[in-house]
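Note sheet for the following structure.
The values are calculated or read from the model by the stated rules, or taken from the named source; none is laboratory data. None of the values given here were measured: they were computed from a predicted structure. Positions of Cβ are backbone-derived with ideal geometry, glycine not excepted, and every protein chain shown enters the neighbour counts. Surface areas here come from the heavy atoms of the whole protein model, side chains and all, with no ligands, DNA or RNA. Shrake-Rupley method; radii C 1.70, N 1.55, O 1.52, S 1.80 Å.
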Amino acid sequence: FGLLFPILATIIRLAGSNTPFSGSGVLALHISDPLLWIIDFAPVFLGVFAALAGKRQQQLRALNAQLRQRENELIDERNNLEKHVEERTARLTKKSDQLRSASYIARQTAEVQELGAILNTAVNLITDQFGFYHTGVFLMNDTGDEVVLQATSSEGGRQMIEKGHSLAVGSQGIVGYVAAQKQSRIA
């Protein structure tokens with residue numbers, strides 16, 4: 001459409017000046033009227049300008065898309081970091097609660113003088129403070145070849161105590177392993 005404008009302007013000028021419709025007539029008309037050169041080349045300049053502006057706009061859109069992508073990546077990273085902080089805070093809170101509970105258990109059992117009462121108080125406090133369904137304490141016998149269940153927090157454990165439940169040191173299971181190795185074990 002932009003190129004039709006100079007052609008139409010040239011045709012109107014040719015018709016108005018009674019100049020023949022030929023290449024030499026068009027050239028003669030342009031030589032006599034420099035305004036036609038401006039009219040002829042204006043669409044070319046405007047087209048080049050529009051193309052450059054369009055290319056710049058396309059570059060800006062691409063840059064904007066990259067910036068949005070980076071912003072989304074940063075938001076995701078921030079969310080991940082916040083999640084890690086929350087998880088770590090929860091773990092630290094749990095550890096702090098466990099240490100507070102252990103301190104409470106130590107204070108409560110320190111007041112008791114008799115070993116059986118200390119063990120019973122300890123297993124019940126451990127079950128309550130740590131939320132375990134069962135806590136039991138085994139003590140090694142005089143010969144060192146068995147561990148005997150001495151205190152428990154569950155009814156099933158109490159029945160085992162009444163039956164004199166014991167385990168051989170080094171036998172399968174956590175209690176036998178711990179008694180043989182004399183090291184704690186978390187399972």
(message) Loop-only GluC sites (Glu not before Pro) in the range 102-187, please: DSSP not H, G, I, E or B, and at most 14 other Cβ atoms within 10 Å.
(response) E111, E114
(request) Would you list which lysines come within 23 Å of K95, measuring only between C-alpha atoms, while excluding same-chain residues fewer than 8 positions from it? (result) K83
(request) Provide the net charge surrounding E77, with neighbours chosen by a C-beta distance below 14 Å and charges set as Lys +1, Arg +1, Asp -1, Glu -1. (result) -1
(message) With an 8 Å Cα cut-off and a minimum separation of 6 or more residues, compute the relative contact order for the chain in percent.
(response) 9
(message) Only sites in a loop by DSSP and with at most 13 other Cβ atoms within 10 Å count here; which chymotrypsin sites (Phe, Trp or Tyr not before Pro) in the range 1-70 make the cut?
(response) F1, F21
(request) Would you mind working out the accessible area per residue for the chain, using a 1.4 Å probe, and quoting it in Å²? (result) 76
(request) On the protein heavy atoms, probe 1.4 angstrom, tell me the percent of accessible surface of the chain carried by carbon and sulfur. (result) 60
(request) Indicate the helices, whole DSSP H runs only, in the chain that combine a mean Kyte-Doolittle hydropathy of 0.0 or more with a Cα extent along their long axis of 15 angstrom or more. (result) 4-17, 115-130
(request) Tell me what the chain gives for mean residue ellipticity at 222 nm when only DSSP H runs of n ≥ 4 count, each as -39,500 (n - 2.57), the sum divided by the residue total, rounded to 500 deg cm²/dmol. (result) -24500 deg cm²/dmol
(request) Give, as a single signed number, the net charge of other residues whose beta carbon lies under 14 Å from the beta carbon of D40, with Lys and Arg counted +1 and Asp and Glu -1. (result) 0
(message) Charges on Cβ only, +1 for Lys and Arg, -1 for Asp and Glu, centred on the Cα centroid of the chain; of I186, S24, V147, which one is farthest towards the dipole's positive end?
(response) S24
(message) Nothing charged except the Cβ atoms of Lys and Arg (+1) and of Asp and Glu (-1): what's the magnitude of the dipole of the chain about its Cα centre? Round to the nearest 20 debye.
(response) 780
